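Contents: one structure, followed by commentary.
The values are calculated or read from the model by the stated rules, or taken from the named source; none is laboratory data. All figures in this text were calculated on a predicted structure; none of them were measured in a lab. Glycine also receives a Cβ, built like all others from the backbone with ideal geometry; neighbour counts cover every protein chain displayed.
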Amino acid sequence: MAGYLRTTLLLAGLTALFMGVGYLIGGIAGMVIALVVACAMNLFAYWNSDKMVLSMQGAQEIDEASAPEFFAIVRSLAERAELPMPRVYLIDSDQPNAFATGRNPQNAAVAATTGLLDRLSRDEIAGVMAHELGHVRNHDTLIMTIAATLAGAIGLLANFAIFFGGRRDNPLGIVGAIAMMILAPLGAMLVQMAISRSREYQADKAGAEISGQPLALASALERIEVMAHEIHNPTAEANPATAHIFIINPLSGGGIASLFSTHPSTEDRVARLRELAGAMPASGAGRRGGSVPNTARRARRAGPWG
């Protein structure tokens, strides 16, 4: 409940920022125009984002015949989460990672890299995919679309002010208006990223509940974090706008980049999962085992890439 309250407050903050900036630098008319344009752009992205993201990452749809163990893991978890069976995709990348996409549970898709299946144990893979199904169950795609709509509208308002000028009677004055044009989009981006980070915590919690093994998910996060820095992902680097959808940021970066990170600290996520494991029944909560190192290799031989 606290996570949803935080998300609601952040969305309210974005809305308030949008309304304030719109009135100060664009007036009511400019605010309305920017909102309409931003809504149209994001509505298109909402209906087509799954196809665009999967295509950008080179994901190939698989079935039970091409990757039986992985497909069975996803199907079992979907049943436990009481979700429709999503479409399942594999990405031919050595970096272990995964994401979920789709506008709602009935049109959801989950994707994992072959590196994830090669390098993690069966329970760790189950924890990762349960996390992604947690995103589906929590309707995070819809939440992030709303956040993107408001952030995009604020950016458009700033652009209108730069190219067409703001209100002459702006109470902030010229210097204040210029500062608002620069700082408002930055602030909107930071709030949008904060919403993304909040949803990751909630997906971790949901993933632990669905899989019943929070320690396996914690172990997976730690291992993916290390390997994401060691193993380059050229496709993700070429499409940095999609970094927020992965369970761990697939991009390299540090220092001030952490301020703009779409993911919370892996250390914090692991600490929360361990705390959750301590509160769960002992049976199976931290069990790890049963690796599936050959799943991805079988999928490569039988999959669409031959």
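Among the residues making up the stretch 242-300, those that are in contact with a Leu (Cβ under 8 Å, 6 or more places away or on another chain) and at pLDDT 85 or above are ILE247, ILE248, THR266, ARG269, VAL270, LEU273, ARG274, ALA277. Of the residues examined, ARG137 is not one that is charged (D, E, K, R) and surrounded by fewer than 20 Cβ atoms within 10 Å (Cβ to Cβ).
Select from the stretch 36-52 the residues that are surrounded by 14 or more Cβ atoms within 10 Å (Cβ to Cβ) and aromatic (Phe, Trp, Tyr) and list them in ascending order. Break it down into steps so the answer makes sense when it comes.
The initial filter retains those residues of the stretch 36-52 that are surrounded by 14 or more Cβ atoms within 10 Å (Cβ to Cβ), namely 37-39, 41-42, 45-46, 49-50, 52.
Answer for the stretch 36-52, where residues must be surrounded by 14 or more Cβ atoms within 10 Å (Cβ to Cβ) and aromatic (Phe, Trp, Tyr): just TYR46.
Looking across the stretch 97-107, the residues that are in contact with an Asp or Glu (Cβ under 8 Å, 6 or more places away or on another chain) and on the phi < 0 side of the Ramachandran plot come down to ALA98, PHE99, ALA100, THR101, ARG103, ASN107.
Quick one: which residue in ALA72, ALA81, ALA67 is surrounded by fewer than 23 Cβ atoms within 10 Å (Cβ to Cβ), of a type in the set (A, V, I, L, M) and more than 21 Å from LEU142 (Cβ to Cβ)? Don't jump to the end; show me each part of the working.
Numbers: ALA81 fails: more than 21 Å from LEU142 (Cβ to Cβ); ALA67 fails: surrounded by fewer than 23 Cβ atoms within 10 Å (Cβ to Cβ).
That would be ALA72, the only listed residue that is surrounded by fewer than 23 Cβ atoms within 10 Å (Cβ to Cβ), of a type in the set (A, V, I, L, M) and more than 21 Å from LEU142 (Cβ to Cβ).
Of the residues making up the stretch 105-128, those that are touching a residue at least 60 places away in the same chain (Cβ under 8 Å) and within 18 Å of GLU82 (Cα to Cα) number 3. When residues in the stretch 43-79 are screened for being touching a Leu at 6+ places or on another chain (Cβ under 9 Å) and in contact (Cβ under 8 Å) with a residue 60 or more places away in the chain, 9 of them pass.
If I filter the stretch 190-202 for residues that are in a helix (DSSP H, G or I), at pLDDT below 95, farther than 30 Å from GLY20 by Cβ and over 14 Å from the mean Cα position of the chain (by Cα), do I get at least one hit? Looking through the stretch 190-202, none of the residues is in a helix (DSSP H, G or I), at pLDDT below 95, farther than 30 Å from GLY20 by Cβ and over 14 Å from the mean Cα position of the chain (by Cα). Return the only residue of PRO86, PRO96, PRO105 being touching a helix residue (DSSP H, G or I) at 6+ places or on another chain (Cβ under 7 Å), of a type outside the set (Gly, Ala, Ser), closer than 19 Å to ASN138 by Cα and crowded, with 20+ Cβ neighbours inside 10 Å. Testing whether each residue is touching a helix residue (DSSP H, G or I) at 6+ places or on another chain (Cβ under 7 Å), of a type outside the set (Gly, Ala, Ser), closer than 19 Å to ASN138 by Cα and crowded, with 20+ Cβ neighbours inside 10 Å leaves just PRO86.
Of everything in the stretch 213-231 that's closer than 17 Å to ARG80 by Cβ and in contact with a Lys or Arg (Cβ under 8 Å, 6 or more places away or on another chain), which residue is surrounded by the fewest Cβ atoms within 10 Å (Cβ to Cβ)?
Of the residues in the stretch 213-231, the ones closer than 17 Å to ARG80 by Cβ are 213-214, 216-217.
Checking which are in contact with a Lys or Arg (Cβ under 8 Å, 6 or more places away or on another chain) leaves us with 213-214, 216.
Numbers: GLN213: 25, PRO214: 27, ALA216: 30.
If we take residues in the stretch 213-231 being closer than 17 Å to ARG80 by Cβ and in contact with a Lys or Arg (Cβ under 8 Å, 6 or more places away or on another chain), then GLN213 is surrounded by the fewest Cβ atoms within 10 Å (Cβ to Cβ).
Could you please find all residues in the stretch 108-134 being of a type outside the set (Lys, Arg), surrounded by fewer than 24 Cβ atoms within 10 Å (Cβ to Cβ) and closer than 18 Å to MET227 by Cα? The answer is THR114, GLY115, ASP118, SER121.
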